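Derivation of every value follows stated rules applied to the coordinates shown; laboratory data play no part. Only a predicted model underlies this, so the values are computations on that prediction, with no experimental measurement involved.
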Amino acid sequence: AYSGIEGFLGNLEQLYDQADTDRQEWEIFLEAWHDLFGDRAVTVAEVTERITPGSNGGDLFDQSDEEKSKALKEALPGQLVGKLEKSVGGFKHALGNALSKKAGERFPNGLHVERAGADGHKKTVKWMVVQNNAGTSPHGKPIDITDETCDLRGHAGTSPLPSRVRKK
């Protein structure tokens, strides 16, 4: 019991396990997305079209992309699979909401989702999955930790590291 409340935080391990599963599913999904689209910004409708060819009245894609499109569908996080099975419209809405929630979250594989603006003609949001390689900032700019002016402190200045890194 915590603070005299029986069962408080009793399901904490289960919550952590679920969070890990969700994170792993999204990491796999983002890898498949990046394999298919690269760093190109796309709409939810374009992603849906790749997963369910013909759903938007569009043409089927090149044979070379067919396997990547299939891999993207197979990599859908569990929360989205059920939505796709029910309706394409519901799936699009759920995917858009999920991308909004995941925007900016960094995954262990170095990928993250970014809102990439809007398609003004269709009034829809564009999304992209970006690779954030080691040695780059979240914005893709190189980080040089040997530069003597490189400040390693966080915004609050609470880092245990020295405030400046000196060249040797």
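Karplus-based coupling profile of segment 95-110, in residue order and whole Hz: 5, x, 5, 5, 5, 4, 6, 8, 4, x, 6, 8, 9, x, 7, x, with θ = phi - 60° in 6.51 cos²θ - 1.76 cosθ + 1.60 and x standing for Gly or Pro. Using 0.36 nm per residue and subtracting the Cα-Cα separation, the extra length available between residue 121 and residue 21 on full extension is 32.3 nm.
Amide hydrogen proximity for residue 118: with H placed 1.01 Å from N in the peptide plane, the residues at 5 or more positions away or on another chain lying under 5 Å are 126.
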